[in-house]
Amino acid sequence: MTKNYDLIIIGSGPAGLAAAIYAQRAKLNTLVLEKEMMSGGQVLNTYEVDNYPGLPGINGFDLGMKFRDHARQLAAEFAEDEVQKIELIAKEDEDMEELQAAELREGRAVSGPVWKKVTGRRGEYLARTVIIASGATHRKLDVPGEAELAGKGISYCATCDGAFFKKKVTAVVGGGDVALEDAIFLSRMCRQVYLIHRRDELRGAKTLQEKVLSLENVTVIWDCVVEQILGEQRVEGLALRNVKTGDTSRLDVDGVFIAVGITPNSGAFAELLELEHGYIRADENGDTGIPGVYAAGDVRAKQLRQIVTAVADGANAVTSAERYLTKY
């Protein structure tokens, strides 16, 4: 028999874990579903977090574990499963599913509370409210050699794999905060780091830009894109193209770290919710337009995606869920 919950939280990064903490304090019967073996999300791969209030310089993995431990101390329930879809149903009559969904989309009142059936690879779960905090994943370059050499000198996480390239030559592809942070981190152990950016100016925070440009063993290669990742058994180099001149060149490297953005993990919810460039459209309260379904963290369409905003999203979404639950 399927167990019923007040709230199901999908994902256990900063947004999901903050939601779990607030839900437990609100005494909601809550389940947290996480597809990975470990909670924390992208923060686990961050070498140093210097902008989370009160904890300057904390290691990202340690911060993620603090979030998880806090939720555990409050007896939050966790289950490992990858969510495939969410459906709206009337618990008393599952045949009313399509009618209920249509009424909600059209803004009409429904008869009785609508339940949410969350279907995962390992099971089905029933809840009165759902918070989607599924986060995002690293974007790929989609160039020849990337798939073939994955794990053989290609990485999407400098803090995870940087140690393998001690005293070697590496390249970082990208120009945002993550790319700059990766270049700074790798400069501490690599003989030479190349930062490859398709524009003639960087997009990351000014403080990070200043740091990168001051490092003697970091060289910025402007106006260039990676056309191919070269190598047989391991990465041996990169084929580059200058976007302004069209000139091509080869850059010999031992490894490449790809930091060109993230893709929201929203595919499982595309049929139910409105998306904006792949991100779930929801307001600052997490409201998606479907009563009882909320979005929080990096999967939500918003201006700033940081740990502090993800945590705030989680807290706001739980508050919205509480208000919804008081109606029934």
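The values are calculated or read from the model by the stated rules, or taken from the named source; none is laboratory data. Here the structure is a predicted model, which means the values were calculated and not measured. In this analysis, Cβ positions are derived from the backbone assuming ideal geometry, glycine residues included, and neighbour counts consider all displayed protein chains.
With the condition kept exactly as written, say whether any residue in segment 155-170 is under 20 Å from L213 (Cβ atoms), among the hydrophobic types (A, V, I, L, M, F, W, C) and either at pLDDT 95 or above or buried (at least 22 other Cβ atoms within 10 Å of the Cβ) (or both). Yes, the conditions are met somewhere in segment 155-170. Scanning segment 23-42 for residues that are buried (at least 24 other Cβ atoms within 10 Å of the Cβ) and farther than 22 Å from V114 by Cα gives E34, S39, G40, G41. Taking segment 134-154 as the range and being surrounded by 15 or more Cβ atoms within 10 Å (Cβ to Cβ), in a loop (DSSP other than H, G, I, E, B) and of a type outside the set (K, R) as the test, the residues that pass are S134, G135, L141, V143, G145, E146, L149, G153.
Answer yes if at least one residue in segment 4-17 is over 16 Å from the mean Cα position of the chain (by Cα), assigned to a helix (DSSP H, G or I) and modelled with pLDDT of 95 or more, and no otherwise.
We begin by selecting, within segment 4-17, every residue over 16 Å from the mean Cα position of the chain (by Cα); these are 4-8.
If we keep only those that are assigned to a helix (DSSP H, G or I) as well, we get none.
So far as segment 4-17 goes, no, none of its residues is over 16 Å from the mean Cα position of the chain (by Cα), assigned to a helix (DSSP H, G or I) and modelled with pLDDT of 95 or more.
Here D247 passes the criteria (1) surrounded by fewer than 20 Cβ atoms within 10 Å (Cβ to Cβ); (2) assigned by TED's automatic domain parsing to the domain that holds A71; (3) of a type outside the set (G, A, S) except the one numbered (2).
For segment 228-283, enumerate the residues that are among the aromatic types (F, W, Y) and either part of a loop (DSSP other than H, G, I, E, B) or over 30 Å from N316 (Cα atoms) (or both). Explain how you work it out, then say what you get.
First, pick out the residues of segment 228-283 that are among the aromatic types (F, W, Y): 257, 269, 279.
F257, the sole residue that qualifies.
Taken together, the residues in segment 250-278 that are among the charged types (D, E, K, R), in contact (Cβ under 8 Å) with a residue 60 or more places away in the chain and assigned by TED's automatic domain parsing to the domain that holds V172 amount to 2. Restricting attention to segment 28-69, which residues are assigned to a loop (DSSP other than H, G, I, E, B) and over 25 Å from A127 (Cβ atoms)? T46, Y47, E48, D50, N51, Y52, P53, G54, L55, P56, G57, N59, listed by residue number.
Within segment 304-328, the set of residues being of a type in the set (V, I, T), free of Cβ contacts under 8 Å to residues at least 40 places away in the same chain and surrounded by fewer than 17 Cβ atoms within 10 Å (Cβ to Cβ) comprises T326 only. Residue under question is A163, and the condition is that it be closer than 18 Å to E232 by Cα, without any contact (Cβ under 8 Å) to a residue 60 or more places away in the chain and of a type in the set (A, V, I, L, M); does it hold? In short, no. E232 meets each of the listed conditions (1) without any contact (Cβ under 8 Å) to a residue 12 or more places away in the chain; (2) more than 22 Å from D161 (Cβ to Cβ) apart from (2).
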